[in-house]
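Note sheet for the following structure.
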């Protein structure tokens, strides 16, 4: 069933109205979600993505639409289906009468965006995609990233830490998707790798402090785990 009712479809809708309706749709769909992939995650990603777009000269309209829709059908919550997000974005934007080229650009960004494993490259094919990917990854690190990691791990029934379970550097998206390791391992398998995978100079600068915070957090975590502090 279409996510946009026929009587709401307007083929000449202005960009500002498209953004307003998209925000309302995403906010309603994702509010109250408890895994760290909620509306406020989207809000933060949009805000940072627009900041980066201004600094890097990317198309702000495409960036904002992609940031708003990037997690509306995340593969983690749709049976591992990596195509769910792009399909949902296409359906929503087409229903609003968004230009086909813009719609496809947004869907492509969402298809390319996700981290797929330590050994898997995830290049973005446009400046707008690079900006949105950076903003999404910045929200996965630092203090907010630490909170989100444990929220997601808890939602999946994963232990915080298993000292005998070594981190796994996944060499395929399938192995990464099927991982069930403890949350602390996720820092080594993904989060600590993101600083060096930022696309833009602006994001690399922002990532430095967030990366240092995670290193300090892990040092403190292990000291307390071992009863040393």
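The values are calculated or read from the model by the stated rules, or taken from the named source; none is laboratory data. From a predicted model like this one, the values you see are computed outputs, not experimental measurements. Reconstructed Cβ throughout: ideal geometry from the backbone, glycine too, with neighbour counts over all protein chains shown.
Of note:
- For the stretch 80-96, the criterion of being outside any helix (DSSP H, G or I), under 20 Å from residue 196 (Cβ atoms) and without any contact (Cβ under 8 Å) to a residue 12 or more places away in the chain is met by no residue.
- Check on residue 51, under 17 Å from residue 136 (Cβ atoms) and at pLDDT 95 or above: yes
- Positions within the stretch 4-24 being under 20 Å from residue 87 (Cβ atoms), at pLDDT below 95 and surrounded by 14 or more Cβ atoms within 10 Å (Cβ to Cβ), in sequence order: 4
- Test: residue in the stretch 121-142 that is in a helix (DSSP H, G or I), farther than 21 Å from residue 54 by Cα, under 15 Å from the mean Cα position of the chain (by Cα) and touching a residue at least 24 places away in the same chain (Cβ under 8 Å): yes
Table: residues versus (1) surrounded by fewer than 17 Cβ atoms within 10 Å (Cβ to Cβ); (2) in contact with a helix residue (DSSP H, G or I) (Cβ under 8 Å, 6 or more places away or on another chain); (3) without any contact (Cβ under 8 Å) to a residue 24 or more places away in the chain; (4) not in a loop (DSSP other than H, G, I, E, B).
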{"residue": "146", "(1), (2), (3), (4)": "no, yes, no, yes"}
{"residue": "181", "(1), (2), (3), (4)": "no, yes, yes, no"}
{"residue": "199", "(1), (2), (3), (4)": "no, yes, no, no"}
{"residue": "217", "(1), (2), (3), (4)": "yes, yes, no, yes"}
{"residue": "224", "(1), (2), (3), (4)": "yes, no, yes, yes"}
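- Check on residue 209, farther than 28 Å from residue 65 by Cα and more than 17 Å from the chain's Cα centre (by Cα): no
- For residue 117, the conditions (1) crowded, with 19+ Cβ neighbours inside 10 Å; (2) at pLDDT 95 or above; (3) closer than 30 Å to residue 179 by Cβ all hold with the exception of (2).
- Qualifying residue in the stretch 165-174 (condition: assigned to a helix (DSSP H, G or I) and in contact (Cβ under 8 Å) with a residue 24 or more places away in the chain): yes
- Residue 33 vs. criteria modelled with pLDDT under 95, part of a loop (DSSP other than H, G, I, E, B) and out of contact with any strand residue (DSSP E or B) (no Cβ under 6 Å at 6 or more places or on another chain): yes
- Contacts under 8 angstrom Cβ, first residue in the stretch 29-41 being free of Cβ contacts under 8 Å to residues at least 24 places away in the same chain and at negative phi, partner surrounded by 15 or more Cβ atoms within 10 Å (Cβ to Cβ) and in a loop (DSSP other than H, G, I, E, B), 6 or more apart: 31/38; 39/33
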